[in-house]
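The structure appears below as structure tokens.
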């Protein structure tokens with residue numbers, strides 16, 4: 001099930017959401033321009049748990065290790081990784097930016113990204129595999145959306161073999177299904193290294209649920225009814 005669009009109008013132009021998307025796309029194009037050196041750049045700019053926790057010496061002193069917690073949020077491992085993340089950010093980010101205001105939204109976004117990184121790194125602080133991607137921070141956006149707009153209608157694509165069926169579902173079902181899927185995948189891949197950071201998705205989502213009461217504007221209610 002893939003979300004395509006939500007029927008949830010906003011009152012403000014989603015400037016930061018668009019800037020985040022543009023930034024991630026530009027950074028990925030820069031990665032591609034590096035050619036074979038792209039993997040070395042990911043080693044330097046990605047968030048490696050063993051480096052962050054001081055268990056190994058970083059391979060490069062180009063930037064302080066702690067800054068990779070931020071730079072890693074703008075790196076992606078491939079076109080599908082980038083497109084998937086940006087699609088979710090575009091669909092759900094504008095409403096959360098609208099509900100919080102721009103300053104609080106960007107702080108919220110970064111905090112969720114940091115929480116996601118910790119959730120994935122703490123179980124294995126000796127890991128030397130760099131973590132990259134905006135999905136942890138975006139997961140926090142999804143958690144906030146679930147509490148604020150559970151009844152918003154989301155157009156989703158559901159593949160049945162070679163046939164793709166589209167339908168509109170309440171956000172609570174779309175995001176609930178997404179979260180359960182992250183837990184299942186996390187359990188199925190427990191102990192494996194590399195691949196998708198399911199723990200980051202779960203940690204970011206939980207952080208979004210916990211933090212949204214402190215960042216939303218006072219006049220924005222929880223569990224808002226469906227809007228047209």
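The values are calculated or read from the model by the stated rules, or taken from the named source; none is laboratory data. Model, not experiment: these values are computed from the prediction. Using ideal geometry, Cβ is built from the backbone for each residue, glycine included, and neighbour counts are taken over all protein chains shown.
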Options 96, 91; residue that is within 21 Å of residue 169 (Cβ to Cβ), in contact with a strand residue (DSSP E or B) (Cβ under 7 Å, 6 or more places away or on another chain), part of a helix (DSSP H, G or I) and at pLDDT 95 or above: 91
Test of understanding: among 117, 111, 175, 188, which residue is modelled with pLDDT of 95 or more and out of contact with any strand residue (DSSP E or B) (no Cβ under 9 Å at 6 or more places or on another chain)? 111
Within region 69-84, track down each residue that is touching a residue at least 60 places away in the same chain (Cβ under 8 Å) and either in contact with a strand residue (DSSP E or B) (Cβ under 9 Å, 6 or more places away or on another chain) or crowded, with 22+ Cβ neighbours inside 10 Å (or both). 72, 73
Checking the structure you have, find out if any residue of region 125-137 is part of a helix (DSSP H, G or I), more than 30 Å from residue 40 (Cβ to Cβ) and at pLDDT 95 or above. no
Having 3 or more residues that are farther than 30 Å from residue 217 by Cβ and in contact with a helix residue (DSSP H, G or I) (Cβ under 9 Å, 6 or more places away or on another chain) is the bar; report the helices (runs of 4 or more DSSP H) wholly within region 3-77 that clear it. 15-33, 38-45, 49-52
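May I ask you to list the residues in region 138-167 that are part of a strand (DSSP E or B) and exposed (fewer than 14 other Cβ atoms within 10 Å of the Cβ)?
157, 158, 159, 160, 163, 164, 165, 166, 167
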Do any residues in region 37-65 that are farther than 17 Å from residue 121 by Cα have Cβ atoms under 7 Å from those of residues that are assigned to a loop (DSSP other than H, G, I, E, B) and modelled with pLDDT of 90 or more, where the two are at least six apart or on different chains, and which pairs are they? 41/34
